[in-house]
1. Can you tell which of GLU26, GLU35 is surrounded by fewer than 16 Cβ atoms within 10 Å (Cβ to Cβ) and acidic (Asp, Glu)?
2. Which of the residues belonging to the range 114-133 are over 14 Å from ALA67 (Cα atoms) and surrounded by 13 or more Cβ atoms within 10 Å (Cβ to Cβ)?
3. Within the range 80-99, is there a residue that is touching a Leu at 6+ places or on another chain (Cβ under 6 Å) and of a type in the set (Lys, Arg)?
4. Any residue at all in the range 85-100 that is within 13 Å of the chain's Cα centre (by Cα) and among the β-branched types (Val, Ile, Thr)?
5. What number of residues within the range 98-113 are within 16 Å of ASN37 (Cα to Cα), in contact (Cβ under 8 Å) with a residue 12 or more places away in the chain and either surrounded by 17 or more Cβ atoms within 10 Å (Cβ to Cβ) or not aliphatic (A, V, I, L, M) (or both)?
6. Taking the condition out of contact with any helix residue (DSSP H, G or I) (no Cβ under 6 Å at 6 or more places or on another chain), over 21 Å from ALA24 (Cβ atoms) and not polar (S, T, N, Q), does ALA116 pass?
7. Return yes or no: is GLU83 out of contact with any strand residue (DSSP E or B) (no Cβ under 9 Å at 6 or more places or on another chain), charged (D, E, K, R), at negative phi and buried (at least 17 other Cβ atoms within 10 Å of the Cβ)?
Amino acid sequence: MALKDKDSRQIDKNKTFFQSVGHALEGIKRLILEERNFRFDLIIAFLTLCLGVILHIRINEWLWLFAAFFSVIGSEVLNSIIENVVDLIVGHHFDLLAKRAKDIAAGGVLMSALFAIIIGSLIFIPRFIELLS
């Protein structure tokens, strides 16, 4: 990349709302294309949504499911941010603090996923037991 090309990139704040939305959509596109776990989270959320529709869950159960979805997706986004920033800072060499930051971020995703599993279990297991009875 020529220095001239690099200098022409945006470095100031967004000037319009639509410019901000464009950058946000580009970020979501990057997540979908580059982050395997984010894609996995979206697939699980979609399948869970389908199951909720099939089992006719109540509105308060939908609220809990969406809280769980966005908890996992939000923590996955934060984890990706932390990984990228840490990699930018330390490059391709091992650093104990970098490992610690990445491990803690991954732990946050795991805690969110456990929260989602608990919520899903509390909603769907009684439905399955009802169907089997």
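Where a number appears in this text, it was derived from the coordinates with a stated rule and is not lab data. From a predicted model like this one, the values you see are computed outputs, not experimental measurements. Cβ placement follows ideal geometry from the backbone for every residue including glycine, while neighbour counts extend to all protein chains displayed.
1. GLU26
2. PHE124, ARG127
3. No, every residue in the range 80-99 fails to be touching a Leu at 6+ places or on another chain (Cβ under 6 Å) and of a type in the set (Lys, Arg).
4. Among the residues of the range 85-100, not one is within 13 Å of the chain's Cα centre (by Cα) and among the β-branched types (Val, Ile, Thr), which makes the answer no.
5. Final tally of qualifying residues: 6.
6. It is false that ALA116 is out of contact with any helix residue (DSSP H, G or I) (no Cβ under 6 Å at 6 or more places or on another chain), over 21 Å from ALA24 (Cβ atoms) and not polar (S, T, N, Q).
7. So GLU83 does not fit the description; no.
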